[in-house]
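The values are calculated or read from the model by the stated rules, or taken from the named source; none is laboratory data. Predicted model only: the values in this text are computed from it and were never measured. As a convention, Cβ positions derive from the backbone with ideal geometry for all residues, glycine included, and neighbour counts pool all protein chains shown.
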Amino acid sequence: MDYLYESLQTAIQLIFGLDHEVRMAVWTSLYTSSTAIVFASLFGIPTGLWLGLSRFRGKRVLITLLNTLMALPTVVVGLLLFGLLSRQGPLGSWGLLFTPPAMILGQMVLATPIVANLVLAAVVGADKRILPTLLTLGASPLQSAIQFLKEIPFGVMAAVIAGFGRVIAEVGVAMMLGGNIRGTTRTMTTAIALETSKGEFAFGLALGIILLALALLVNLGLNFFQQR
């Protein structure tokens, strides 16, 4: 117990003392995850809206595929993108491997199916009379889609928050595509794994506390929008 108590004391000192290594890991996590969820939303929201409003053959197959993609293992995503971005891969000339953009790309792949699926659920649960009414009033398909999104703002926000919660806590993609480089691609999750293995339990605990606090804030936000 003394070991845990002393580690907790040290962790709190690192947090409130604004330790440089802690700040860098937190900043890298927030930067990559926030950027990834923005791009994931740009792809996922229109996809979920389109699937929810359209009727075509093969729709059930696409929805099943989307549900499957929600459970993508992070290490599999990291492995596939590693092959694409490595020097021997087709995108190796871009020099993205072991950089923040590579991590953002991987996190975007993880978050997009989640955003799309939850937006789809919000669209399906919305009043079915909204779209016909808009079209009857003379709105174009694009205007109707935009207005439809305005009718389900909390469902869309919940989708974005859930996607952010998925990527802020993942470790596989960040480790494989970022390389856990100090001061550049080291996130909270990869730093926790590394520092704990080195015996720096207090440092890992400090980042763990911050990560739990962020996860709590994300879940509180998600619960708030779900209740609304």
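Within the stretch 180-198, does at least one residue satisfy the condition of being assigned to a helix (DSSP H, G or I), over 20 Å from Arg23 (Cβ atoms) and of a type in the set (A, V, I, L, M)? So far as the stretch 180-198 goes, no, none of its residues is assigned to a helix (DSSP H, G or I), over 20 Å from Arg23 (Cβ atoms) and of a type in the set (A, V, I, L, M).
May I ask you to list the residues in the stretch 45-55 that are surrounded by 15 or more Cβ atoms within 10 Å (Cβ to Cβ) and among the hydroxyl-bearing types (Ser, Thr, Tyr)? Once the filter is applied, which keeps residues that are surrounded by 15 or more Cβ atoms within 10 Å (Cβ to Cβ) and among the hydroxyl-bearing types (Ser, Thr, Tyr), the stretch 45-55 yields only Thr47. Residue selection: Ala162 satisfies the criterion of being buried (at least 19 other Cβ atoms within 10 Å of the Cβ) and part of a helix (DSSP H, G or I).
Here is a yes/no grid of residues against (1) within 21 Å of the chain's Cα centre (by Cα); (2) of a type in the set (S, T, N, Q); (3) in a helix (DSSP H, G or I):
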{"residue": "Lys128", "(1), (2), (3)": "no, no, no"}
{"residue": "Thr133", "(1), (2), (3)": "no, yes, yes"}
{"residue": "Ala139", "(1), (2), (3)": "no, no, no"}
{"residue": "Leu142", "(1), (2), (3)": "no, no, yes"}
{"residue": "Phe148", "(1), (2), (3)": "no, no, yes"}
{"residue": "Met157", "(1), (2), (3)": "yes, no, yes"}
{"residue": "Glu170", "(1), (2), (3)": "yes, no, no"}
{"residue": "Val173", "(1), (2), (3)": "yes, no, yes"}
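Here is the figure for the stretch 56-106: residues that are in contact (Cβ under 8 Å) with a residue 12 or more places away in the chain, surrounded by 14 or more Cβ atoms within 10 Å (Cβ to Cβ) and assigned to a helix (DSSP H, G or I) total 17.
Based on what the data block shows, is Pro153 at pLDDT 90 or above and not polar (S, T, N, Q)?
It is false that Pro153 is at pLDDT 90 or above and not polar (S, T, N, Q).
When the stretch 119-155 is limited to residues that are small (Gly, Ala, Ser) and in contact (Cβ under 8 Å) with a residue 24 or more places away in the chain, the one that is surrounded by the fewest Cβ atoms within 10 Å (Cβ to Cβ) turns out to be Gly125. Residue pairs whose Cβ atoms lie under 7 Å apart, separated by 6 or more positions or on different chains, with the first residue in the stretch 13-39 and within 30 Å of Val156 (Cβ to Cβ) and at pLDDT 95 or above and the second small (Gly, Ala, Ser) and in a helix (DSSP H, G or I), are Ala36/Ala111; Ile37/Ala111; Ile37/Gly163. Any chance the stretch 91-106 includes a residue that's of a type outside the set (Val, Ile, Thr), touching an Asp or Glu at 6+ places or on another chain (Cβ under 9 Å) and within 17 Å of Thr185 (Cβ to Cβ)? Within the stretch 91-106, one or more residues are of a type outside the set (Val, Ile, Thr), touching an Asp or Glu at 6+ places or on another chain (Cβ under 9 Å) and within 17 Å of Thr185 (Cβ to Cβ). Flag: Val109 does not match the condition of being closer than 24 Å to Glu151 by Cβ and buried (at least 20 other Cβ atoms within 10 Å of the Cβ).
With respect to the conditions (1) out of contact with any helix residue (DSSP H, G or I) (no Cβ under 9 Å at 6 or more places or on another chain); (2) at pLDDT 90 or above, Arg55 lacks only one, and its number is (2). Only one of the numbered conditions (1) in a helix (DSSP H, G or I); (2) farther than 12 Å from Phe164 by Cβ is not met by Ser34, and that is (2).
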